[in-house]
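Below is one structure, written out as structure tokens; comments come after it.
Coordinate-derived values only; no laboratory data. These numbers come from a predicted model, not from an experiment. Counting neighbours? That spans all protein chains shown, and the Cβs are built from the backbone with ideal geometry, glycine included.
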């Protein structure tokens, strides 16, 4: 008997060096590497022997099948397929459109419909195969319920891409070909197990692939889009063109074989060298089962090997394409209309902006009726309408679809937040003291996971009694939450400053939570990063707290001032976004947010003209200055003197104020040089004015 290592090598179960996808220009797969099944399976000699026996059985079946059957042109096999998108709300949560693009490419490649196949080198054009396999998205799930063949599961395991991730969702392998799309493929660009190995691991039977190697749109690309074709080839029992190993270019690969007669021996390629002759004859570099990045073809011999696998009971491949299974998975062309669904291109715009809606209903939709309160047009029958929102507000949308004598409707409330354009005049000084919700002070909290988002709290504050808090814990790791300011009119700005107070603690020394501050000059259509705070250094304001963190005084708050905001952002719809990425640390608090601008009109001019209810003169001040209040109605008003970051220094007035003009001295002599604000808050009117002490 051969020694164990040689025996495993003969099976293609060698424990190869990890295949990585660190460089997007080099494709590596990790097919049939037993380490991906876990340590126990990897070292189970008995299982290795059983896999060898099944592989021999599949070879014997193939030989018998070929002697009894001739694969004629046009032979057709339909395979139900499901894409499991495992994501943590990152770019790996690819769109339905990207999935459909990947499916299109897969079907073109397996049916010689890819537009580049006739560019294959002439020596191999005569054996370019039409495999005759069609992959169809399932329309019925294992429970008999409606599906569009795409599932979405949120989990941090997307960053591992191994057996635990696949265990999150696994459909019966005798009914569906499963594709898990993730942020990681356990150190590879993609991997799967050939039938002899998959026979013993039914819940892991399928393909794991990086989202960047899925399709040619979205996060994918044309150069990487053939990776799924490559992995499906493995899934239907193809080896690499050089044999069982996962490392091309090794001289020893000439001594291996892929068990396909019309693919020349090769060491394998990671570049497209069409003249390569690594093992004494011209290499089939353009083969899908190489790493050459110019893949265009399967050979006739590879097609035969795949078709024989689909007719074998090993790993239940022969059950997939049976008529009964096509009916049970809903891929026989008669899928009923079962769900109305749509998506929108934006949820936060300024007045006059547009939103594109995309109908994602399924299946066989024949008619659509959209309604868009506040939109222009307010109704539509188009598939993907573009709607303009002329006025500020918060709007819903609904869609009714018809087909096959059925009607389905869905509505989404508060879907689009439309901010005024131009926005409010600066400065914006927000300590959330008067707010019961973000909406009533013009702020927007985005909580895509529906768990712990930004909320207004009275549990702690740097000044006053309220602040903004994001409750953070180990269960939040990997999640992102956002807080977005109202739009502001900065068209007269000569400079913009964003200031705020923050308090944060870690739970453990390994926490790497992050707070990023972005600005936008187009109401949030695009964003530019301006400050990045890290848990262990610039974000942390307290020592490690293992319980729920609540700052117990001003010493546990720190101030940030951001001034690197250029003229490109001096627009009528300027916004600021706070983005927190959790790593399982502790709570974050924000307070006294101040968004101010040095105005090109000049502060003295504003004061002299008495713009608004408030005026300060002289401004700038040195030893004395007077505040003028012009009240248009009698009521209760409060006047507060604030520092440059919006922290209240002293109350100037709190009580009734009659109609007319009122004057009071400002305590300039007690103030250091710098920028200050006077804020007036009342039942009928509000105003803020900025002044400078020289």
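Over the chain, what is the relative contact order in whole percent, taking alpha-carbon pairs under 8 Å and six or more residues apart?
Details: 1679 pairs, mean separation 63.5, N = 694.
With pairs under 8 Å counted, the relative contact order is 9 percent.
So, in Å, what gap is there between the alpha-carbon centers of region 349-417 and region 209-248? Centre-to-centre distance over Cα atoms comes out at 37 Å. Note on residue 512/residue 658: beta-carbon distance plugged into 1/(1 + (r/R0)^6) with R0 of 51 Å gives a FRET efficiency of 0.35.
Spin-label model, residue 458 to residue 324: label points 7 Å out along the Cα-to-beta-carbon direction sit 6.7 nm apart.
Annotation for residue 671 and residue 57: the two label points, set 7 Å from Cα along the Cα-Cβ direction, are 8.7 nm apart.
Please order 113, 274 by the number of other Cβ within 10 Å, starting at the fewest. List each step's numbers first, then the result.
Details: 113 12, 274 15.
Ascending number of Cβ neighbours within 10 Å: 113, 274.
Label positions at residue 559 and residue 544, each projected 7 Å from the Cα along the C-beta direction, are separated by 3.1 nm. If the segment from residue 437 to residue 97 were pulled out straight at 0.36 nm per residue, it would be longer than the present Cα-Cα gap by 118.8 nm.
Please find the FRET efficiency linking residue 275 to residue 76, where r is the Cβ-Cβ separation and R0 is fixed at 30 Å, and quote it to the nearest 0.05.
Working: r = 36 Å, r/R0 = 1.20.
Result of the calculation: an efficiency of 0.25.
Axis angle, to the nearest 10 degrees, between helix 300-310 and the longest C-alpha principal axis of the chain: 80 degrees.
At 222 nm, what value in deg cm²/dmol follows for the chain if DSSP H runs of at least 4 each add -39500 (n - 2.57) and the sum is divided by all its residues, to the nearest 500? Display every interim value, and only then the final one.
Working: 12 runs with 100 residues, N = 694.
Value at 222 nm, helices only, nearest 500: -4000 deg cm²/dmol.
When 693, 355, 576 are ordered from fewest to most other Cβ atoms inside 10 Å of their Cβ, what list results?
On the way: 693 19, 355 22, 576 27.
Starting with the residue having the fewest Cβ neighbours, the order is 693, 355, 576.
Going by how many other beta carbons lie within 10 Å of each one, how would you line up 269, 242, fewest first? The partial results should precede the final answer.
Numbers: 269 24, 242 31.
Fewest to most other Cβ atoms nearby, the residues stand as 269, 242.
Taking a cut-off of 52 Å, what percent of all Cα-Cα pairs in the chain are separated by more than that? Here the long-distance tail beyond 52 Å is 29 percent of all Cα pairs in the chain.
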